[in-house]
Amino acid sequence: MRKYIIVFLISMVPLIELRGAIPYAVGFDLPLVPSLIVALVGNMVPVPLIFLFARKILAWGKDKKYIGRFFTWCLEKGEKGGRKLEAKAGAGLYLALLLFVGIPLPGTGAWTGTLAASILDMDFKKSMLYIFLGLLLAAGIMLLASLGVFGAIDLVK
């Protein structure tokens, strides 16, 4: 049970998320299906909170003395990048969100994807669905990589 709690907590950490939780579970030889479920749930827990509150917190803090410059930079960078993505993706914006969350590269994932969806004022329910689908894709990729299918380091042995 303790190792599942660790999988859950690792999957909630920004930048690490289930990309670190799944190799941990495989490395400790935990059963795959429960580990994947725990990692997916843990990774999804902060997503609605990020979507609903991150933009509001950044907007609130942009005029504060010590954090204002950083919060303003985050808002401007997020909006600029989001609008650029929106212009390129067009009608495929939600598919782009799914792929952004789903392809396990540094700086991508549920936290970053959710923040982008929030800044772009994307539909909440549709964003949650596509972020979850992206997490399923990322979980599959990370599971295969952790098992050595892609020639990655075999963490099982």
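Calculate what fraction, in whole %, of the accessible area of the chain sits on carbon and sulfur atoms when a 1.4 Å probe is rolled over the protein chains. Of the solvent-accessible surface of the chain, carbon and sulfur hold 72 percent. Please determine, in degrees from 0 to 90 and to the nearest 10, the orientation of helix 2-12 with respect to the longest principal axis defined by the Cα atoms of the chain, where the helix direction is its Cα long axis. Compared with the principal axis, the helix lies near 30 degrees. Distance cut-off 30 Å, Cα to Cα: go down the list Lys84/Lys126; Lys3/Lys84; Lys56/Lys84; Lys3/Lys56 and report the pairs above it. Correct reply: Lys3/Lys84; Lys3/Lys56. Using the Karplus relation 6.51 cos²θ - 1.76 cosθ + 1.60 with θ = phi - 60°, the per-residue 3J(HN,Hα) values for the stretch 84-89 come to 5, 4, 4, 5, 6, 7 Hz, with x marking Gly and Pro. Over the chain, accessible surface divided per residue gives 58 Å², non-protein components excluded, 1.4 Å probe. Using a probe of 1.4 Å on the protein chains alone, the accessible area found for Arg83 is around 100 Å². Note on surface exposure: Met142, Met12 rank Met12, Met142 by accessible area, highest first, 1.4 Å probe. Hydrodynamic radius of the chain by the Kirkwood approach over all distinct alpha-carbon pairs: 16.3 Å. Charge tally around Ser118: other residues with Cβ under 12 Å, Lys/Arg +1 each, Asp/Glu -1 each, net -1.
Here the 3J(HN,Hα) profile of the stretch 47-64, calculated from phi with Karplus coefficients 6.51, -1.76 and 1.60 at θ = phi - 60°, is 4, x, 5, 4, 4, 7, 10, 4, 5, 5, 5, 5, 5, 4, x, 5, 10, 7 Hz, Gly and Pro shown as x. Could you work out the local net charge near Gly102, counting Lys and Arg as +1, Asp and Glu as -1, over the other residues with Cβ closer than 15 Å to its Cβ? Within the 15 Å Cβ shell, the charges total 0. Could you pull the accessible area for Ser118 with a 1.4 Å probe, rounded to 10 Å²? Rounded to the nearest 10, that gives 10 Å².
The values are calculated or read from the model by the stated rules, or taken from the named source; none is laboratory data. This is a predicted model, so every value here is computed, not measured. Note that we place each Cβ from the backbone using ideal geometry, even for glycine, and neighbour counts take in every protein chain shown. The protein model used for the area step is the full one, side chains on, heavy atoms only, and it has no ligands, DNA or RNA in it. Shrake-Rupley method; radii C 1.70, N 1.55, O 1.52, S 1.80 Å.
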